[in-house]
1. R0 = 41 Å: FRET efficiency of Arg185 with Leu246, Cβ-based, nearest 0.05?
2. Out of Gln155, Gln94, Gln278, any idea which swings most in a Gaussian network model of the chain, alpha carbons joined below 10 Å?
3. State the percentage of accessible surface on the chain attributable to carbon and sulfur atoms; use a 1.4 Å probe and exclude ligands, DNA and RNA.
4. Taking θ = phi - 60°, what integer Hz values does the Karplus form 6.51 cos²θ - 1.76 cosθ + 1.60 yield along the range 286-298, in sequence order, with x for Gly and Pro?
5. Between Val80, Val207, Val146, where does the largest GNM mean-square fluctuation fall for the chain, given springs only between Cα atoms within less than 10 Å?
6. Would you calculate the separation in nanometres between label points at Ala166 and His148, each defined as 7 Å from the Cα along the Cα-to-beta-carbon direction?
7. Take every Cα pair under 8 Å in the chain that's 6+ residues apart, average their separations, divide by the length, and report that relative contact order as a whole percent.
8. Considering only protein heavy atoms, with the full assembly of protein chains and a 1.4 angstrom probe, order Phe245, Phe14 by accessible area, largest first.
Amino acid sequence: MPSHRAALASGTAFALAAGLLWGLVFIAPLLLPQYPAALLSVARYLAFGLIALPLAWLDRRALAQLTRADWVEALKLSLVGNLLYYLFLAAAIQRAGGPLPTMIIGTLPVVIAISSNLRDHARDGRLPWRRLAPSLLLVAAGIGLVNHAEMRALQAAGALDLGRHALGALLAVGAVVCWTWYPLRNADWLRAHAERSPRTWATAQGVATLPLAAAGFAAFWLAHALGVVGPAGFDMPLGPTPERFLALMLAIGLFASWLGTLCWNEASQRLPTTLAGQLIVFETIAALAYALALRGQPPAAATLAGIGLLVAGVVWALRSPPPRVNPDTSAHPG
């Protein structure tokens with residue numbers, strides 16, 4: 001078993017890798033603005049499921065050890081943490097642009113850390129609020145500063161539609177709810193099955209996602225044919241730019257969905273959930289950097305200051321990690 005310090009270092013590295021990979025999903029709706037959010041969600045996870053099939057064959061012995069309850073759990077995680085989360089996120093980005101939803105999603109480190117400290121103290125040990133508060137305040141201040149800078153930039157450019165942005169913000173809150181539930185529940189399984197490979201669990205979620213995404217894609221196609229959903233004249237099944245659509249769906253299916261989930265599972269098995277939740281800030285920083293690069297403009301001074309506060313909050317969290325996990329209390333809480 002690795003030492004506590006080694007587990008902290010490797011878990012943080014895996015969380016960083018997951019954040020860099022997950023940040024890619026924030027730019028896909030910006031690169032495919034003509035595509036409905038529902039189609040982007042089911043297509044991304046259809047690609048994830050198809051990519052998982054050959055990986056499942058290679059890992060078939062480990063997957064065969066999963067029980068029916070394990071597969072039901074993988075199905076729940078796939079539905080909420082994959083399909084519903086990305087449906088909310090893609091819809092939010094298409095309505096409010098990249099920065100605002102990114103910053104709302106950026107509240108996840110605060111929300112998850114607080115939720116975990118309340119919920120998982122019997123397993124992970126309760127981190128005193130006076131130790132947790134500084135890192136949470138730094139992260140929250142950084143998110144608020146970046147959001148304020150982006151809103152001022154939109155106002156100056158005359159691109160701020162309050163109604164549309166309010167709807168985008170509400171959809172982003174829905175994404176936050178989905179992804180507060182997902183890492184807590186996913187960590188429950190991983191910590192209760194420490195002998196299982198995080199790679200196998202990532203592949204299992206891909207396999208569980210496939211029938212859900214395939215059914216969703218078929219339902220969207222049928223509803224579009226009936227004129228219920230989608231823009232008029234949209235060319236199903238691959239839309240107006242099929243090569244770009246296929247390339248992006250396959251890329252984020254492989255790198256963000258499977259490899260990102262694998263890295264996050266590795267981090268979740270090494271770190272207390274309170275700390276892991278704060279490290280989702282890496283996704284926020286990566287998504288913001290990618291969105292600004294796509295715009296082709298440097299960040300404003302306030303945006304850089306906000307990112308600095310986010311990083312400072314993460315560093316503070318790593319300097320004051322939660323108590324060591326007691327193996328005897330790491331079972332699934334039920």
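1. Working: r = 32 Å, r/R0 = 0.77.
It comes to 0.85.
2. Greatest mean-square fluctuation among the candidates belongs to Gln155.
3. On the way: 9810 of 14380 Å².
Ligands and nucleic acids excluded, carbon and sulfur give 68 percent.
4. 5, 4, 5, 4, 5, 5, 5, 5, 5, 5, x, 9, x
5. In the Gaussian network model the winner is Val80.
6. Roughly 2.3 nm, to one decimal.
7. Details: 487 pairs, mean separation 141.7, N = 334.
It comes to 42 percent, rounded to a whole number.
8. On the way: Phe245 5, Phe14 65 Å².
Largest to smallest exposure gives the sequence Phe14, Phe245.
The values are calculated or read from the model by the stated rules, or taken from the named source; none is laboratory data. This is a predicted model, so every value here is computed, not measured. Don't worry about glycine lacking a Cβ; one is built from the backbone with ideal geometry, like all the others, and counts go over all protein chains shown. Accessible surface is based on the protein model in full, side chains and every heavy atom, while ligands, DNA and RNA are left aside. Shrake-Rupley method; radii C 1.70, N 1.55, O 1.52, S 1.80 Å.
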